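Scroll down for the structure; my scribbles are underneath it.
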Amino acid sequence: MNFAKQLLSVIGGVTTVKIATTADEILEPLKKTVYQELSDFDVLQEANRCLFCYDAPCIKACPTHIDVPSFIRKITTGNMTGSARVIFDANPMGASCARVCPTEELCEGACVLSEESHSIRIGDLQRYATDWVRERDISLFVAGPSTGKTVAIVGAGPAGLSTARDLARYGHKVTLFELREQLGGLNTYGIVPFRLPAEIPLWEAAQVTHLGVNANTGSKIGVDISLQALVDSYDAVVLAFGMGSVPRLNIPGEDLHGVWDAIDFVDKVKRGEDVGILGERVGVIGAGNTAIDAATCSRRLGVPHVTLYYRRGEQHMSAYKFEYEFAKQERVEYRWYSTPKRILGEGGRVTGVEFVKTRLDSDGMGGMRPIAMEGSEYIEPMDTVIRAIGQSKLSAMLQLDSIGVATRAGVVVVDDQFRTSNEKVFAAGDCTFTKGQAEAMVVEAAQQGKLAAASIHEYLSL
Amino acid sequence: MADLSVNFAGIRSPNPFWLASGPPTNSAYQVMRAFEAGWGGAVWKTLGEPIINVSSRLAGFDWNGHRMAGINNLELITDRPLEDNLKEIREVKRAFPDRAIIASLMVDPIRERWHEIVKRVQDVGVDGFELNYGCPHGMAEMGMGAAVGQVPALVRENTEWVAEVSEVPVIVKLTPNVTDIRHTARAAVQGGAHAVSMINTINSLMGVDIDTWIPIPEVDGMGSHGGYCGPAVKPIALHMVSDCAQDRLINVPISGIGGISTWRDAIEFMLLGATTVQVCTAAMTYGFRIVEDMIDGLSSYLDSRGIGSVEELVGQSLPRIKAWGELNLNYKVVAKIDQEDCIHCNRCFVACEDTAHQSIHPQTVDDGTTLLVVDEEECVGCNLCSMVCPVNCISMVPLDTGKPPVTWRQLEAQGAVHNIKIL
Ligand SMILES: Cc1cc2nc3c(=O)[nH]c(=O)nc-3n(C[C@H](O)[C@H](O)[C@H](O)COP(=O)(O)OP(=O)(O)OC[C@H]3O[C@@H](n4cnc5c(N)ncnc54)[C@H](O)[C@@H]3O)c2cc1C
Ligand SMILES: Cc1cc2nc3c(=O)[nH]c(=O)nc-3n(C[C@H](O)[C@H](O)[C@H](O)COP(=O)(O)O)c2cc1C
Ligand code: SF4
């Protein structure tokens, strides 16, 4: 049975939704990006509104410190290649970031005009400038003169690719090892297509391989090749393997048919793979960006009722504000202070979830933790459950201790130069991510990659 | 990468972008900052007998919500002692030997005074002189600046005095406050100038505060006329540059000045005959950093056209500047409104209806909407509608008139038009 018919057989007869009848029609809403088209007129007006501040706060607010006034001024003078070069020089993922950065918390939030009128739409202008070179496939950088040094990078997400790009510009010979078939990490596989179509990270990755960086896709480090082998055969090794799948909820019923890992779910949807029957009611457990992405994806696949369940309140959710707003627009619903107790099923398939209400109580360390309130259990009927409670750590699979790289709670420990406890090994991106220290964001991964490359270059130049 | 370096009358500069003499080039601290930002050269703030400046002294011309479409200033030449300036020029030249440092000079129109200052200044190692015959206010009241620059005989004489003793190229900076700048430019060349630069500021009075009736800028309740510059003066400067560049008697390189803010502006000046360009207001508006995009944009522009050296641009558009009497009278363009992009503000309609040729007609179509349609017969191709259109959806398209090209001069020669003498 094809994708379209399967969905129909479940949700057919529901008159409140327009039912798609072909796979193309079903996939259409997934392709419709959430960004408005930018007209040249609008872009010029907006760019000319920029004050071209000196020592501008937007530059500081951008984790990669893009010279925002400079790239905007170049738009106004019609120097589009120059504009894009300013962006990509500071941020190799500049086109992806133009779409997925929480700009109101970063550059746009810092714009001096936000008080007088409204912030410059920096993200939109960045999208315009980067699209300009992407659509013309203009290569902006060249590899540096060869140093004869070699570097292996584990993982080709934003962190690995940024490290690779800068190392190549320094003149080092870089080989990327990536377990997936395509480069880009979560940008390619994890962020919903209507916010970040895969063609964008794939083009950014091509800009990197263009500099002579080797990409060994489909190779799983720790399984196909050991880390020790890399350490032995390269002058330096970079760990940029990100994080893993969504951890289990550890409640009864989790193996029923219809229970999904949010990342796996978005991954399949983004690649256009059949996700089978979703039904009329999808419940998403969690309230971070991953949860929102899974929820909006479900909505766009035509599921009429999509609800997010979170054990804390609205004010505690970790999703970006713009993501939350977007999900509300997509008519995703929310239940706060609820935690799942068990998943109910029938004939091996999910039929509902039993939740228990929570309240926040002091955790004795100055914070608040949710406590289940006995007797407040309630059952929600459900056809699909998507768990989105964060990402697990991958370090165990890679046997980091075998090469003397220290971890703390599964997180690779690095110093401010992105060095691990093995002097030949560096790390960047989500695999070094400890909650509360930095945000797991594409732009952060890109910056760490850049800084790691500078640090490696210094190490290799010794 | 295209070669941006220029040789301007023997003065070498890594790129054609110079800072014009003015507040940005007042001191070594500033010029060094400018050179660090990438400027190819700097014309030092005019040296002479130190003067005393008034406070306040600048005013901005704001237009329709845009700040600083122009600047009006009452500032005179340097107010710092000559020795200080000379010491600093020497320091900068030592720190940046590859950049062009030009000393701007202005003294009383007396031979000995010119000899004295030229000798003192060239000793510190400047790459050239620029004679400021342009300042339209203050200095002119003292018999200097425009008081010299407006009289060809004085231009020639003063230039001769400098050329007699100068060991480096001499540029004469011309005032636009004349009827025809070619006369003073020719006089400069006759006096031995190796190059000319233009324009200095235009006589102006910025405005009056309508609450207090005090002129702007105010000096203790009073005002004075000053010199005008900035983006608003660019068309005037372009005209003067092209006029001089086309004149066979002015066969020296030109440094273009006036309203240059971007690489695009610079290219226009170069296409019309300038070899280098000088910038004052744009630097005062945004800081020295603007030169980065000027260099980057110019370089990309040349690369995208496969032009190897920026000097190849110089004068390329000059053959296309003609006297009015040599323009083809049988050429016709008409306005074409892109109905898809039109936002229906009706600005083009009212402009044409009230002040042009009543050629745009509203037409109500089936769905009740109104389209603006151009009557090609009536449209004279004046461009006005396309100029007022806020979204740029009106293009001017050539119409085949089926007639061979003909100019007024030709008609005149044929006796087909009444005989108006065109010079
Ligand atoms: C659903 C979702 C939505 C998100 N939305 C946003 C957003 O809107 N904005 C934002 O800024 N950030 C967002 N993020 C976070 C962002 O995607 C990450 O912070 C970023 O991708 C981290 O980059 P990275 O290179 O460290 O890791 P990843 O992108 O995870 O890349 C790691 C790469 O390593 C590879 N790898 C793993 N193990 C191995 C191995 N053993 N051998 C070889 N290769 C291996 C993986 O296949 C992967 O390609 C989102 C994340 C998720 C999950
Ligand atoms: C405040 C101010 C002071 C100036 N002082 C001088 C000067 O001392 N000598 C000089 O030759 N020109 C002087 N100029 C004129 C500039 O060099 C330049 O010719 C003019 O401003 C036009 O260029 P712009 O449109 O880029 O400003 C001055 C201009 C300004 C605004
Ligand atoms: S702070 Fe705002 S106005 Fe200033 S440069 Fe940045 S974007 Fe432009």
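Pairwise Cα distances in segment B:6-320 exceed 33 Å for 18 percent of all pairs. Computed from Cα atoms, the angle from the helix A:199-209 axis to the main principal axis of chain A rounds to 30 degrees. Relative to the longest principal axis of the Cα atoms of chain B, helix B:290-304 runs at roughly 60 degrees.
Taking all protein chains as they are arranged and a probe of 1.4 Å, the heavy atoms of B:TYR286 leave approximately 80 Å² accessible to solvent. Taking the Cα centre of segment A:270-319 as reference, the dipole from Cβ charges on Lys and Arg (+1) and Asp and Glu (-1) amounts to some 100 debye.
Looking at segment A:106-191, the GluC sites (Glu not before Pro) that sit in a DSSP loop and have at most 14 other Cβ atoms within 10 Å of their own Cβ are A:GLU181. Over chain A, the ratio between the Cα radius of gyration and 2.2 N^0.38 Å evaluates to 1.02. Take every pair of alpha-carbon atoms less than 8 Å apart whose residues are at least six positions apart; their mean separation over the length of chain A yields a relative contact order of 17 percent.
Accessible surface ranking for A:GLU374, B:GLU164, 1.4 angstrom probe, highest first: A:GLU374, B:GLU164. Computed on segment B:6-320, with alpha-carbon pairs under 8 angstrom and 6+ residues apart, the relative contact order is 18 percent. For GluC sites (Glu not before Pro), no site in segment B:46-137 is both called loop by DSSP and has at most 11 other Cβ atoms within 10 Å.
For A:LEU451, what is the net charge nearby, where nearby means another residue's Cβ is under 10 Å from its Cβ and Lys, Arg count +1, Asp, Glu -1?
Net local charge, A:LEU451 excluded: -1.
Taking every Cα-Cα distance in segment B:324-423 and sorting them into 10 Å bins from zero, the calculated P(r) comes out as 14, 37, 26, 16, 6, 1 percent.
Largest accessible area first, the listed residues B:MET396, B:MET1, B:MET142 line up as B:MET1, B:MET142, B:MET396 when surface is computed with a 1.4 Å probe on the assembled protein chains.
For A:LEU176, the amide hydrogen comes within under 5 Å of the amide hydrogens of A:ILE153, A:ASN214, A:ALA215, A:ASN216, counting only partners 5 or more places away or on other chains and with H modelled in the peptide plane.
A convex hull fitted around the alpha carbon atoms of segment A:163-310 yields 135 Å³ per residue.
Give me the percent of accessible area attributable to carbon and sulfur for segment A:40-135, probe 1.4 angstrom. Carbon plus sulfur share of accessible area: 50 percent. Counting protein heavy atoms only, chain B has 52 percent of its accessible area on carbon and sulfur, 1.4 angstrom probe. Using the Cβ-Cβ distance between B:ALA37 and A:SER146 with R0 set to 30 Å, the FRET efficiency from 1/(1 + (r/R0)^6) comes to roughly 0.40. A Förster distance of 22 Å, applied to the separation of the beta-carbon atoms of B:ASP367 and B:SER395, puts the FRET efficiency at 0.35.
The amide H of B:LEU399, built 1.01 Å from its N in the peptide plane, has B:LYS332, B:VAL333, B:VAL334 as neighbours under 5 Å, considering only residues 5 or more places off or on other chains. Cross-link pairs exceeding 19 Å in C-alpha to C-alpha distance, out of A:LYS268/A:LYS321; A:LYS74/B:LYS173; B:LYS93/B:LYS234; A:LYS270/A:LYS393; A:LYS31/A:LYS268, comprise A:LYS268/A:LYS321; A:LYS74/B:LYS173; B:LYS93/B:LYS234; A:LYS270/A:LYS393.
Put a plus charge on the Cβ of each Lys and Arg, a minus charge on the Cβ of each Asp and Glu, and nothing anywhere else: the dipole of segment B:78-191 about its Cα centre is then about 220 debye. Per-residue surface analysis assigns B:SER317 an accessible area of about 40 Å², computed on protein heavy atoms at 1.4 Å probe radius.
Residues whose amide H comes within less than 5 Å of that of A:THR77, counting only those at least five positions distant or on another chain, are absent (H built at 1.01 Å from N in the peptide plane). Rounded to the nearest 20 debye, the dipole magnitude of chain B is 1180 debye, with +1 charges on Lys and Arg beta carbons, -1 on Asp and Glu beta carbons, and the Cα centre as origin. Residue by residue, what Karplus-based ³J(HN,Hα) values in Hz, rounded to whole numbers, does segment A:251-264 have, using 6.51, -1.76 and 1.60 with θ = phi - 60° and x for Gly and Pro? Ordered by residue, 3J(HN,Hα) equals 10, x, x, 5, 9, 5, 5, x, 9, 10, 8, 4, 5, 4 Hz. Using alpha carbons only, how many degrees (0 to 90, rounded to 10) separate the axis of helix B:152-165 from the longest principal axis of chain B? The two axes meet at around 40 degrees. Are there any residues in segment B:261-290 with a reduction of at least 50 Å² in accessible surface when going from the isolated chain to the assembly of protein chains? Probe 1.4 Å, please list them by number. Those residues are B:TYR286, B:ARG289.
Just the projected area, averaged over all directions, of the convex hull on the alpha carbon atoms of segment B:343-387: how many nm²?
3.3 nm²
Rolling a 1.4 angstrom probe over the protein heavy atoms with all chains in place gives chain A an accessible area of 42 Å² per residue. Relative to the compact-globule estimate of 2.2 N^0.38 Å, the Cα radius of gyration of segment A:40-135 comes out at 0.94.
With no solvent and one equal point scatterer placed on each C-alpha of the protein assembly as shown, evaluate the Debye formula and give log10 I(q)/I(0) for q = 0.07 Å⁻¹, two decimals. The Cα Debye sum returns log10 ratios of -0.76. Contact with the other protein chains removes 50 Å² or more of accessible area, compared with the isolated chain and a 1.4 Å probe, from these residues of segment A:50-96: A:PHE52, A:TYR54, A:ARG73, A:LYS74, A:THR77, A:ASN79.
The spacing between segment B:104-165 and segment A:150-188, judged by their C-alpha centroids, is 63 Å.
Projecting the Cα atoms of A:ILE75, A:ILE251, A:PRO381 onto the charge dipole of chain A, computed from C-beta unit charges around the Cα centre, puts A:ILE251 farthest toward the positive end. Take segment B:148-267 with all the other protein chains still there, run a 1.4 Å probe, and you get 42 Å² of accessible area per residue. Binning the alpha carbon pair distances of segment A:386-459 at 5 angstrom intervals from zero yields the distribution 3, 16, 25, 25, 19, 8, 3, 1, 0, expressed in whole percent. Could you run the numbers on buried accessible area between A and B, total for both chains, 1.4 angstrom probe, in Å² to the nearest 100? That pair of chains buries around 1200 Å² in total. Measuring with a 1.4 angstrom probe and ignoring ligands and nucleic acids, B:THR401 comes out at about 50 Å² accessible. Taken one residue at a time, the phi angles of segment A:49-58 give Karplus couplings (6.51, -1.76, 1.60, θ = phi - 60°) of 6, 4, 7, 6, 4, 8, 6, 5, x, 5 Hz. Gly and Pro are set to x. Can you tell me the FRET efficiency between B:MET1 and A:ALA206 if r is taken as the Cβ-Cβ distance and R0 is 25 Å, rounded to the nearest 0.05? The calculated FRET efficiency here is 0.60.
The values are calculated or read from the model by the stated rules, or taken from the named source; none is laboratory data. All values derive from a computational prediction rather than experimental measurement. Please note: Cβ atoms are built from the backbone with ideal geometry, for glycine as well, and neighbour counts cover all protein chains shown. When the accessible area is computed, the model is the full protein with side chains, heavy atoms only, and any ligands, DNA or RNA have been set aside. Shrake-Rupley method; radii C 1.70, N 1.55, O 1.52, S 1.80 Å.
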